[in-house]
Every structure is written in C-alpha cells, then in structure tokens.
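Okay, so here's the structure we're looking at.
The values are calculated or read from the model by the stated rules, or taken from the named source; none is laboratory data. Note that this is a predicted model, so its numbers are computed, not measured. With ideal geometry, Cβ positions are generated from the backbone for all residues, glycine too; neighbour counts draw on all protein chains shown.
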Amino acid sequence: MSAVDLSTRAATDRRFMAAAIRLSRKHMGLTGTNPSVGTLIVRDDGAGPVIIGRGVTALGGRPHAEPQALAEAGEAACGATAYVTLEPCAHHGRTPPCAEALIAAGVARVVGAASDPDSRVAGRGYAMLRAAGIAVTEGVLATEAADQLAGYLIRSISKRPEVTLKLAVSADGMIGRAGEGQVAITGAVARAQVHAMRAEADAILVGIGTALVDDPELTCRLPGMEARSPIRIVLDRAARLPLSSRLIATAASVPLILACGADIAPERRRALEAAGVALLGIDEHDGMVALPELLEDLGARGIATLMVEGGAATMRSFLADGFADRIALFTGPMPIGKGGIAAPFARDSMPDGFRLVRSARFGDDDYAEYVRNECLPAS
C-alpha cells in the first residue's frame with residue numbers, strides 16, 4: 001500500500017472512530033457495570049465507505065455493541081471493517097465473546113481505540129482476531145476513547161469510580177454567599193449542561209453541609225431525560241438529612257444513598273429506610289469519612305462515574321486524598337462580592353497535576369475541563 005493510500009486509510013479510520021466514540025455516549029450512565037461502547041460496521045464496495053451497522057452497549061449492559069452492529073449489517077458484514085471504541089471482549093459468559101462474533105461474521109478488519117485492562121481481555125480480544133486472520137489496527141483515537149471510557153477504565157484498574165469535581169465559580173472566585181443557600185452563579189444554558197452531565201454520570205455526591213443549606217434534588221431535569229437521573233449520595237456521618245428534604249422526598253423514585261456511621265439510632269434508621277433511603281456504612285478517619293473505603297464500596301456497587309457537586313470542604317477532601325480525576329469548572333460573568341464563600345479553586349488557581357483538555361462557552365458562562373495527568377496520556 002502506497003504512502004498516499006496509508007494516509008487516506010488513517011484519515012478514514014480516524015473519521016469513523018470519531019463517529020463511533022460519539023455513538024458510545026448515547027447510553028453513558030445506563031449500562032450497569034459494563035462500559036458504554038460504540039461499534040460501527042463499515043463497507044466499501046467501490047463508491048466509498050458506508051456505515052452498514054451501528055451498535056452501542058444496551059441498557060443494563062447487555063447485549064454488547066458488536067453483536068448489535070453485526071445484526072444490523074447482516075450478511076454484508078462479511079469482508080467489512082468494524083470500528084470498536086474498546087477492545088472486543090474475549091471471555092465466555094452466557095453468550096460468546098464479541099471477538100468470536102466478529103470472527104463468525106467474517107469481517108476483514110477490526111479497528112480498535114482503547115485497550116481493555118480487564119484481566120479477562122487485556123490483549124486477548126485482539127489476539128483472537130489476528131489468529132483468525134483478521135487484520136487489526138489498534139490505538140486509533142485511543143486517548144479520545146479512553147477519555148470517554150475513563151470511568152470504566154479507572155474502576156477496572158483501581159476498583160473505584162472516576163471522580164469529577166463539578167464547580168460553578170463567580171467572576172471573583174466565590175461559590176455562594178454565606179447564609180443564603182443556593183445562589184445563581186451561571187445562566188440557564190450552563191445549568192442545562194450540568195443536567196446533561198448528570199444524565200451521563202452513574203452517581204452524584206454532596207456533603208451534608210451542602211444538602212442542609214441548599215436542599216437540592218440533584219436530579220436530571222432536562223425534558224425527556226428525567227429517567228436518567230443518577231444515584232444521589234450524601235456524606236452524612238450522623239444521618240442528619242431531614243425527612244422533609246427534597247432528596248428524601250424523591251428517594252422512592254430516584255435512588256438516594258446516605259453514607260453514614262454505624263451508631264445511627266434504630267428508629268432513625270427505620271424512618272430513613274421506610275422513606276426509600278439506602279444506608280451505606282462508612283469507616284472514619286480523624287472524624288471524617290474515609291474516602292478510600294467509601295470509593296471502594298461504591299466501585300463494588302458498580303458505580304464507575306461519580307460527580308461531586310459540593311461543598312468546598314468535600315471537594316478539598318477529595319483533592320487532598322488524591323481522588324479527584326477530573327475537574328469541570330463553570331465560571332460566571334458576575335461577582336458575588338461581600339459575604340462570598342471562597343471557592344476551593346478557580347481557573348487561575350488550579351490544583352497542581354491537572355491539565356486543560358477542553359473548554360467551551362455556554363451562554364455568558366465559561367467552561368473549562370481538566371484531567372489529572374496520570375489519568376490519560378497526553379495527545
């Protein structure tokens with residue numbers, strides 16, 4: 001193959017892999033313990049490459065993306081190219097592994113993005129394909145795919161969720177005003193973006209101070225997406241959250257977990273459980289929730305992406321313990337002024353070890369997203 005042909009193929013691979021990554025976002029936060037993976041089957045019969053099959057990990061995690069894309073492509077998958085955002089699985093469960101499905105369909109080539117660190121896969125999927133005579137190209141848009149799959153990858157390796165600190169900061173570096181509860185810092189467009197982020201997260205967490213002062217719901221309230229609200233978690237060592245709070249009022253319809261101590265009075269425990277609240281016992285260290293153990297417990301429950309929305313002390317704890325993987329920072333155009341509560345960080349005072357990976361504008365508000373250097377390789 002000539003250098004020109006190789007360059008053309010590389011550009012084509014990047015184009016279709018980018019489309020597969022976009023497709024994979026469709027079910028983020030809805031696939032249980034499995035990652036939301038995208039697969040495209042592409043065929044070129046002389047008039048240029050055309051997508052003939054699409055698949056994304058189904059709700060709840062099964063079936064995987066590959067068999068769905070192959071089913072849509074049908075017999076035309078034979079001799080086609082499959083683009084997969086994560087290495088195809090190689091282990092047998094109740095259904096055959098996806099690598100076998102690709103082999104059985106007769107695809108000629110598989111283009112992969114991120115590698116799967118699961119010990120049952122970890123290179124075996126690609127090896128099975130090559131052993132069957134299928135051409136394999138690995139690592140196409142690997143960084144972009146790993147960014148999308150960060151929750152799954154971190155949980156697979158570290159046995160805990162990926163943690164994103166989400167913060168809205170005023171022009172003068174404040175997150176609110178003392179004694180006033182929720183203060184609007186960003187506009188409607190930015191707030192809608194936050195709800196979209198909630199829809200893609202497995203869980204959202206706040207400290208009890210924020211829960212008491214703001215009385216939030218922490219749901220996704222975009223029209224038509226209410227069912228994608230994440231699990232809500234409150235760090236509440238003494239189980240102080242009032243039964244009249246919005247969080248508990250909605251616990252029957254949107255899961256709510258209180259991370260609390262073991263010494264909760266039996267009658268209080270019964271009242272919370274009767275309201276639909278799940279109680280998660282915590283370990284304590286120096287009078288604080290032990291975050292390593294908490295995150296391990298959340299990972300064991302299948303939570304791969306955790307968004308921390310407040311408050312400042314809770315965010316500082318995650319930063320101090322080294323458990324902040326991503327920072328999503330919204331900055332509003334107006335100052336709060338006298339009585340403002342200082343943010344734990346702002347755009348000009350980012351914690352060490354983070355790098356900017358994307359920025360955007362939502363209405364009048366700026367957005368910047370940072371990733372911890374160890375989480376993803378630099379592009």
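Quick look at the numbers
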item: Matching option when the condition is assigned by TED's automatic domain parsing to the domain that holds GLY209 and either in contact with a Phe, Trp or Tyr (Cβ under 6 Å, 6 or more places away or on another chain) or more than 25 Å from GLU217 (Cβ to Cβ) (or both), among ALA324, ALA312, ALA343; result: ALA324
item: Residue within the range 191-199 that is assigned by TED's automatic domain parsing to the domain that holds TYR367, more than 26 Å from the chain's Cα centre (by Cα) and under 30 Å from VAL289 (Cα atoms) present; result: no
item: Of all residues making up the range 285-305, the number that are in contact with a Phe, Trp or Tyr (Cβ under 9 Å, 6 or more places away or on another chain) and not in a loop (DSSP other than H, G, I, E, B); result: 4
item: Filter pass, LEU306 being in contact (Cβ under 8 Å) with a residue 24 or more places away in the chain and either surrounded by fewer than 21 Cβ atoms within 10 Å (Cβ to Cβ) or over 23 Å from ALA178 (Cβ atoms) (or both); result: yes
item: Failed item, numbered, when ILE336 is tested on (1) in contact with a helix residue (DSSP H, G or I) (Cβ under 9 Å, 6 or more places away or on another chain); (2) part of a loop (DSSP other than H, G, I, E, B); (3) within 21 Å of GLN182 (Cα to Cα); result: (1)
item: Residues of the range 44-96 that turn out to be surrounded by 18 or more Cβ atoms within 10 Å (Cβ to Cβ), of a type in the set (A, V, I, L, M, F, W, C) and part of a loop (DSSP other than H, G, I, E, B), as a count; result: 4
item: Pairs where the first residue, in the range 281-301, is closer than 23 Å to ARG269 by Cα and at pLDDT below 95 and the second is aliphatic (A, V, I, L, M) and in a helix (DSSP H, G or I), C-beta under 9 Å, 6+ apart; result: ILE282/LEU294; ASP283/LEU294; HIS285/LEU291
item: Selected residue (criterion: modelled with the lowest pLDDT) from residues of the range 97-111 that are assigned to a loop (DSSP other than H, G, I, E, B) and either touching a His at 6+ places or on another chain (Cβ under 9 Å) or surrounded by fewer than 24 Cβ atoms within 10 Å (Cβ to Cβ) (or both); result: PRO97
